[in-house]
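Peer 1: My structure is below; once you've seen it, I'll send some questions.
Since every read-out is calculated from the coordinates, none of them should be taken as a lab result. If you're wondering where the values come from, they're calculated on a predicted model, not measured in any experiment. Neighbour counts are summed over all protein chains in view; Cβ atoms, including those assigned to glycine, are modelled from backbone coordinates with ideal geometry.
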Amino acid sequence: MILLIDENNIQNRALLMDENRLVKIYIENKYEEDICDNIYVGKIKGISDKMKVAFVDIGFKKEAIMPLFSNQYTINQDVIVQVSREAKGNKGPRVKDKLQLKGRYIILNINSKEISISTKNKNFNTQHLDNYDGRYGYIIRTNTTIEDIKEVEEEYYRLSKIADGILQRKSFIKPPYLIYKNNEFYKNIEDEILDKNIESIKVNNEKLKRELSKRDNFKDKHIIIDENIPYFIEEVIKNNTSRVITMKNGGSVIVDLTEAFTIIDVNSSLSTNTNNAFEINKEACDVIIDFIIKYNLNGNILIDFIDLDFKKRKELEKYVNEIIEKKNLDLQVFGFTKLGIMEASRKRYNKSFFEKYYDIELKSKSIYTILREIELLLTQKNSSEIYILINNSIYLQNESIINILVKEIEKKNKTKIKLIASDIKNYKIIDDELELNLIRNKNNLSIIEEDDDKIIIQIKK
């Protein structure tokens, strides 16, 4: 396998490739960092006895929701919490007061001295457990084996030092405050590729190569600088964002994203083997699981397979669970509804690829995706000034981000960017000389905003 990374100031992107097959896409928007597992010192702003939750200010627009299992908290009390689920829709992030630090071999329990083994771990037993210095409990992770005993001990003491630092600092910090950042782009990639055979890593700059070389799990890898990586990644992503996946047997899988569910439909209309619905459904299972991994789909997932009788549904459910176990995917399958829909759910650890690459509400590409694409296009153009049409709603909802990032793009590429708000779906770089002349003639334009740094223009209807 090969890991490809495009690091930039707008939207970091990385691909895990197995020969020419895309295994997974990683993506991070500059001002939309993932916060799940981060630890904050917050302040309780409200308590609902009916809902048995507390509302905690951890520094975001929406207060975090913390389930309550006792009456130990009061309003305006400081509390140290860990994010367990990202914010979604009109709901703030969910947090917990039971803190954990995840390592490769163990999960350290900061608030508990209990020691246990993951229920999925078949290689470890209780006789190999050790309480070490007894200050913190821990959980042996699924893939940890008896041969990893030494590494378990080393990781316990490493994570314990981090826990000590968190607990010592919390009393001197004024909330809201991020006390420990556990969710970081390269750390997440590093954790996921530990057990994969990575032949090489290709990056787009020398600075990133040096930084990765200092990380324990990257330093022994063959890291290559390739300035063309951003363009290759852009092309691969564009070729892999279709909601329709055609299977080898001629059937298809269609994926639709909504705020509440991911809905997946298995279709046999193109198949030449329509009589064997079970085999089509089996291949669809492989495609769907790969799709979930590739794009980090999470939350509630509904799958509409080709109609099967009760016995075949049970066989298919067993087959799905076998794939899940084989790929070590944290997906829970609840079986079929009376309507024959398979229900599944995956913890919302981070936002999915689609939630970062697109603006689901506006049904367009996200502002980060648009600006990164524009920046890549500018590097291939030799122009001191460029005009770009951009969707009016996208601009109005992201004005502050655009103002900051456009200045960075201009400085980096030595190009003056003039944005024109219009009813276009996403954006368009204007190359046609006639269009440019019309735009430059201000009699045909309505100036929304104009200063020394930028011109925002709207075409009159």
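Peer 1: Please report the spacing between the Cα centers of the range 106-127 and the range 188-212 in Å, no decimals.
Peer 2: 29 Å
Peer 1: Also, I was wondering about something else. Over the chain, what is the percentage of antiparallel beta bridges among all DSSP beta bridges, to the nearest 5? Show your work: numbers first, answer last.
Peer 2: On the way: 71 of 97 bridges.
Roughly 75 percent of the DSSP beta bridges within the chain come out antiparallel.
Peer 1: Write down the percent of antiparallel bridges among all DSSP beta bridges whose residues are both part of the range 100-180, to the nearest 5. List each step's numbers first, then the result.
Peer 2: Working: 7 of 10 bridges.
Looking only at bridges with both residues in the range 100-180, the antiparallel portion is about 70 percent.
Peer 1: Tabulate in residue order the Karplus-calculated ³J(HN,Hα) for the range 302-308, using 6.51 cos²θ - 1.76 cosθ + 1.60 with θ = phi - 60°, rounded to whole Hz; enter x for Gly and Pro.
Peer 2: 3J(HN,Hα) across the range 302-308, in whole Hz: 10, 10, 9, 7, 5, 3, 9.
Peer 1: Also, quick follow-up: Show the residues, 5+ positions off or on another chain, whose built amide H is closer than 5 Å to the amide H of Tyr358.
Peer 2: Counting only residues 5 or more places away or on other chains, the set is Ser366.
Peer 1: May I have the convex hull volume per residue, in Å³, for the Cα set of the range 49-152? Write down the numbers at each step before the final one.
Peer 2: Numbers: hull volume 15.3 nm³, N = 104.
In the range 49-152, the Cα convex hull volume per residue is 147 Å³.
Peer 1: Once you have the Kirkwood Rh of the chain from its Cα pairs, apply Stokes-Einstein at 10 °C and 1.306 mPa s and quote D in µm²/s. Could the numbers behind the result be given before it?
Peer 2: On the way: Rh = 25.3 Å.
Once the numbers are plugged in, D ends up at 63 µm²/s.
Peer 1: Using the alpha-carbon centroid of each, what span in Å lies between the range 38-104 and the range 330-359?
Peer 2: 24 Å
Peer 1: Restricting to DSSP H runs of at least four residues, report the calculated mean residue ellipticity at 222 nm for the chain, -39500 (n - 2.57) per run over all residues, nearest 500 deg cm²/dmol.
Peer 2: Details: 11 runs with 129 residues, N = 461.
Counting only the DSSP helices, I get -8500 deg cm²/dmol.
Peer 1: Further question: Residues of the range 10-44 with the amide nitrogen closer than 12 Å to a label point 7 Å from the Cα of Asn228, along Cα-to-Cβ, please.
Peer 2: Those under the cut-off are none; the list is empty.
Peer 1: Run the simple label-point estimate for Lys327 and Asn197 please: 7 Å along Cα→C-beta, distance reported in nm.
Peer 2: 2.0 nm
Peer 1: Turning to a different aspect of this structure: Can you give the extra length, in nm with one decimal, that the chain gains between Ile75 and Ser116 once fully stretched, where that is 0.36 nm per residue apart less the Cα-Cα distance? The partial results should precede the final answer.
Peer 2: On the way: separation 41, 0.36 × 41 = 14.76 nm, distance 3.42 nm.
Computed gain between Ile75 and Ser116 is 11.3 nm.
Peer 1: Further question: Which loop-located trypsin sites (Lys or Arg not before Pro) does the range 308-403 contain, where loop means any DSSP state but H, G, I, E or B and the Cβ has at most 14 other Cβ atoms within 10 Å? Before the final figure, lay out the partial values.
Peer 2: Values: sites: Lys311, Lys312, Arg313, Lys314, Lys318, Lys326, Lys327, Lys338, Arg346, Lys347, Arg348, Lys351, Lys356, Lys363, Lys365, Arg372, Lys381; in loops: Lys327, Lys338, Lys347, Arg348, Lys351, Lys363, Lys381.
Here the sparse-neighbourhood loop sites are Lys327, Lys338, Lys347, Lys363, Lys381.
Peer 1: Right, another one. Once R0 is set to 25 Å, what does the formula 1/(1 + (r/R0)^6) return for the Cβ-Cβ distance between Lys381 and Ile424, expressed as a FRET efficiency to the nearest 0.05?
Peer 2: Working: r = 19 Å, r/R0 = 0.77.
FRET efficiency, Lys381 to Ile424: 0.85.
Peer 1: May I ask which of Lys24/Lys311; Lys24/Lys98; Lys187/Lys238; Lys238/Lys338; Lys161/Lys202; Lys52/Lys98 have a Cα-Cα span longer than 27 Å here?
Peer 2: On the way: Lys24/Lys311 34 Å; Lys24/Lys98 31 Å; Lys187/Lys238 25 Å; Lys238/Lys338 38 Å; Lys161/Lys202 33 Å; Lys52/Lys98 16 Å.
Violating the 27 Å limit, Cα to Cα: Lys24/Lys311; Lys24/Lys98; Lys238/Lys338; Lys161/Lys202.
Peer 1: Moving on. Most exposed first by the Cβ proxy, i.e. fewest other Cβ within 10 Å, how do Ile107, Ile306 rank?
Peer 2: Working: Ile107 16, Ile306 20.
Sorted ascending by nearby Cβ count, the order is Ile107, Ile306.
Peer 1: Also, I was wondering about something else. Assign one of three labels to the range 299-440, namely rounded, prolate or oblate, based on the Cα gyration tensor with a ≥ b ≥ c the square roots of its eigenvalues; rounded applies when a/c is under 1.5, prolate when it is not and a/b is larger than b/c, and oblate otherwise. Write down the numbers at each step before the final one.
Peer 2: Working: a/c = 3.55, a/b = 2.89, b/c = 1.23.
Because a/c hits 1.5 or more and a/b exceeds b/c, the range 299-440 counts as prolate.
Peer 1: Something else now. How much FRET efficiency would the formula 1/(1 + (r/R0)^6) give for Glu19 and Asp256, where r is the Cβ-Cβ distance and R0 is 25 Å, rounded to 0.05? Don't jump to the answer; show the numbers that get you there.
Peer 2: Values: r = 30 Å, r/R0 = 1.19.
Using R0 = 25 Å, I get an efficiency of 0.25.
Peer 1: Could you pull out the pairs from Lys221/Lys411; Lys381/Lys425; Lys50/Lys181; Lys122/Lys219 whose alpha carbons sit more than 27 Å apart here? Can you show the working numbers first?
Peer 2: On the way: Lys221/Lys411 34 Å; Lys381/Lys425 23 Å; Lys50/Lys181 32 Å; Lys122/Lys219 31 Å.
Violating the 27 Å Cα-Cα cut-off are Lys221/Lys411; Lys50/Lys181; Lys122/Lys219.
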